[in-house]
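Trainee: Handing you a structure now.
FYI, it's all coordinate maths here, none of it is from the lab. Quick caveat: nothing in here was measured; it's all calculated off a predicted structure. Cβ sites come from the backbone with ideal geometry, for glycine too, and all protein chains shown count toward neighbours.
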Amino acid sequence: MNTEQRRKERIDRGIKVRTDGLYAVMSWRELSYLTLPRIVLIVGLLILPFVMPSMYWQRVISIVCIYALLAVSFDLLAHFVGLVSLGGALFIGVGGYLSAIMNTSLGFPPLLAIPIATIAGAGICTLLLLPCLPLRGVYFAIVSLMYPLAMTRVIEALDILGGTDGIMGIDSFPNRWVEQYFVILMVLLFLFGVRRLVNLDIGLVLRAVKDNDQAVRASGMSITLYKAVAVFISSAMGCLGGACIVHIYMWSGMSLFALDFSIIPIAATVIGGAGTLVGPVLGCLILVPVSELLREFGTLRIVFYSLILVGFIVFRSEGIMVYGQRKYHQIERWVKV
Amino acid sequence: MDILIYGTVNSIALALMALGFALVYGISRVPNFAHGALYVITGFIAWSLLRGLGLNYLLSIVLAIIAIGVVGALIYQFVLIRVRGMAISEIIASYAIGLAILEGLRWGGFKGTTYTLPVFIEGSINIGDIPVDLHRLLVIAIGIAVVAFLWLFTHYTRIGLALRGMAQDERAALMLGIDSDIMAVVAMASGAMLAGLAGIVLLPLGNIVVEKGYDVLIQAIAVCIVGGLGSWMGAVLAAFLIGFAQILTVVYLGTHFQMVVALLAIILTLILRPSGLFGMQKELEERV
């Protein structure tokens, strides 16, 4: 019997070790090793509208960006604070309806209505979710799952906010280039902003809330407050997406609370790489166009996402981005045991 | 008087919906977000057996409930067991399975008002001067029977005692030779069968529609939270609270507000008494 066994050894690349320190700025090679992935992402997103063949696919890019905002917000909440939000549609709906109302009733132009809807919507969402923030466990998932479903019932029952017809006659962006670059820039801004945020002091506290909340409490910090801050930030991202989407479609209705907005960001996060923040954006870039191609299949698409989601969670829980990072930073070789 | 009767029926119905969820959560600490989907799909299985294959009604009911038990066991054995203990993955995986089932049914054309199961007993009787159809009375009887059966099962049989042991302290149960994985599969299968039974009993009162899956999930969760997650008797009592509250809102406000009652009940419970009326978890563990 052959008792000799081999195992795979992973070693950091030399250049990775060198660029970890301050001396990264000493040579072009190391500088580009550090900045290349980021530049590829930024430039790639910025030229996307130019390379798209038709108006239709340019519109798809805007939708991708909105889903990307939601997915980053899901990733921030789930993997940095430990709150699983099953209701991304709540954020989209609140932001969307607020912006629609401000545009149609108060006559604010889109570029003024969107920021206000973002901040006010985030406040409303945080207030709605506040009761489950002092608690551990599955309560946040349950409550966030219920709100979008309950919202549609309330709108239907009271016949407010346009009822089942929705609100029509909303102004669009000045032109489609403004629309696309606005959402793309917002995605980049929030992506890098959140990456920065999780490495600041507050990010450390948030991760501590996820890993060991008693330690945070013992340090004299209010867990509820920090969770509320995190929920505010991520619902602001969702509301921004919702506010943009009503101005893109020039219509706001109950479909803003639809399941797609809850499930696609989760699927994108799991596929792209949970906890990397860039992964969810990549996941959206893959999933949303695929979803557009499969449009004729209707709700079968949701089945398709759900099954992919289960498959990835069970068998490949690391996701594309974590895999990519490992290949980029490390070499693998077989060694004898 | 009609409030009393219909409130009781509604409460028992809620208890039936919630018991499966409470059982699975109480024993394996897995929030089964596929609960509503299991409820609805059992109705469709029974419908297909009855109308498609032309089987006897009783036989198709029994087959449908057995089938859903197997589905529940398979879901646990092949998916949930691999992510056990990872709260985020548990929630996402079970939610995704539920969505896949429900939206798959919707895609498969199971929508609209064409799908109904026949009631068990036709006809109605008058209690006082209120006409009540016999099926609703049967719901009450079945509900009481199920609760009694569960109580006897968990107090006087080996498997039932093992399940309760696991619910109380998994490590101690392991030490006493109870295989927690097998017990969790049993719990999931019986939770699924309870969901299926609830579906079979309650679906004849209306159409089988996919949207019911979400409603049932939410009402079951609301009942479980108000009663205290993991507590079965709490769930039954909470079902009466929410059941009567719902009937009162329907009478005085309108049918659309049923869902809002469930939501308000959850929110109020979380604010006032997070561990529920009869929470098995100590309050300190839950409230950070």
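Trainee: What percent do you get for the relative contact order of chain B when only Cα pairs under 8 Å and 6+ apart count?
Mentor: Working: 439 pairs, mean separation 100.9, N = 288.
Relative contact order comes out at 35 percent.
Trainee: In addition: Mind sorting A:His247, B:His35 by how few other Cβ atoms lie within 10 Å of their own Cβ, fewest first?
Mentor: By the 10 Å Cβ count, ascending, the order reads A:His247, B:His35.
Trainee: Take peptides A:189-197, B:193-201, A:274-282 and line them up by average Cβ neighbours within 10 Å, highest first, as a rough protection proxy. Don't skip to the end; give the middle numbers.
Mentor: Values: A:189-197: 16.7, B:193-201: 27.2, A:274-282: 24.6.
So the peptides A:189-197, B:193-201, A:274-282, ranked by packing, come out B:193-201, A:274-282, A:189-197.
Trainee: Would you please calculate the Kirkwood hydrodynamic radius of chain B over all C-alpha pairs and express it in Å, rounded to one decimal?
Mentor: 19.3
Trainee: Then there's this: Go ahead and estimate [θ] at 222 nm for chain B from helices alone: -39,500 (n - 2.57) per DSSP H run with n ≥ 4, summed, over the residue count, rounded to 500. Please list the in-between numbers first.
Mentor: Working: 12 runs with 203 residues, N = 288.
That comes out to -23500 deg cm²/dmol.
Trainee: Using Cβ contacts closer than 10 Å as the measure, can you line up A:Phe312, B:Phe120, A:Phe91, B:Phe149 from fewest to most?
Mentor: Ordered from fewest to most neighbouring Cβ atoms within 10 Å, A:Phe312, B:Phe120, A:Phe91, B:Phe149 come out as B:Phe149, B:Phe120, A:Phe312, A:Phe91.
Trainee: Which values, in whole Å and largest first, are the semi-axes of the equivalent ellipsoid of the protein assembly as shown obtained as the square root of 5 times each eigenvalue of the Cα gyration tensor?
Mentor: 43, 31, 24
Trainee: Across peptide A:145-154, what mean number of C-beta atoms from other chains lies inside 10 Å of a residue's C-beta? Please report the intermediate quantities before stating the final value.
Mentor: Details: counts 7, 10, 1, 1, 8, 8, 2, 1, 8, 5.
Per residue, the number of nearby Cβ atoms from other chains is 5 on average.
Trainee: For B:262-269, what's the mean count of beta carbons from other chains sitting within 10 Å of each residue's beta carbon?
Mentor: Neighbouring Cβ atoms belonging to other protein chains average 4 per residue here.
Trainee: Extent of the stretch A:205-258 along each principal axis, from alpha carbon coordinates, in Å, largest to smallest?
Mentor: 50, 16, 14
Trainee: Here is a follow-up. Hey, what does the equivalent ellipsoid look like for the stretch A:178-309, semi-axes from the Cα gyration tensor as sqrt of 5 times each eigenvalue, largest first, whole Å?
Mentor: Value: 31, 18, 15 Å, ordered largest first.
Trainee: Can you tell which of B:Gly213, A:Ser262, B:Trp151 lies farthest toward the positive end of the dipole of the protein assembly as shown, using +1 and -1 charges on the Cβ of basic and acidic side chains (Lys, Arg; Asp, Glu)?
Mentor: The listed residue farthest towards the positive side: A:Ser262.
Trainee: Let me ask you something else. Find the all-direction average of the projected area of the Cα convex hull for the stretch B:73-142, expressing the result in square nanometres with one decimal place.
Mentor: For the Cα atoms of the stretch B:73-142, the hull's average projected area reads 8.3 nm².
Trainee: Over 38 Å, how big is the tail of the calculated P(r) for chain A, in percent of all Cα pairs? Numbers along the way, then the final one.
Mentor: On the way: 11285 of 56616 pairs.
When every Cα pair of chain A is considered, 20 percent fall beyond 38 Å.
Trainee: Averaged over A:80-91, how many beta carbons belonging to a partner chain fall within 10 Å of each residue's beta carbon?
Mentor: 1
Trainee: Using only DSSP helix segments of four residues or longer, with each worth -39500 (n - 2.57), what per-residue ellipticity at 222 nm results for chain A after dividing by its residue count and rounding to 500? Walk me through the numbers on the way to the answer.
Mentor: On the way: 14 runs with 233 residues, N = 337.
Taking each H run of at least 4 residues, the total per residue is -23000 deg cm²/dmol.
Trainee: Send over the Kirkwood Rh of the stretch B:1-61, from the inverse of the averaged 1/r over different Cα pairs, rounded to one decimal Å.
Mentor: On the way: mean 1/r = 0.0726 Å⁻¹.
For the stretch B:1-61, the Kirkwood estimate is 13.8 Å.
Trainee: Another question, if that's okay. Under the √(5λ) rule applied to the eigenvalues of the Cα gyration tensor, what semi-axes describe the equivalent ellipsoid of the stretch B:138-288? Give them in Å, descending.
Mentor: Semi-axes from the Cα gyration tensor: 29, 21, 13 Å.
Trainee: Could you work out how far helix A:223-249 tilts from the main Cα principal axis of chain A, as a 0 to 90 degree angle to the nearest 10?
Mentor: Rounded to the nearest ten degrees, it is 60.
Trainee: A further question follows. Over chain A, calculate the relative contact order: mean separation of alpha carbon pairs under 8 Å at least 6 apart, over the residue count, as a percent. Kindly include the intermediate steps, with their values, before the conclusion.
Mentor: Numbers: 487 pairs, mean separation 110.6, N = 337.
Relative contact order, chain A: 33 percent.
Trainee: What ranking, highest mean first, results for peptides A:58-71, B:77-90 when packing means the other Cβ atoms within 10 Å averaged over each residue?
Mentor: A:58-71, B:77-90
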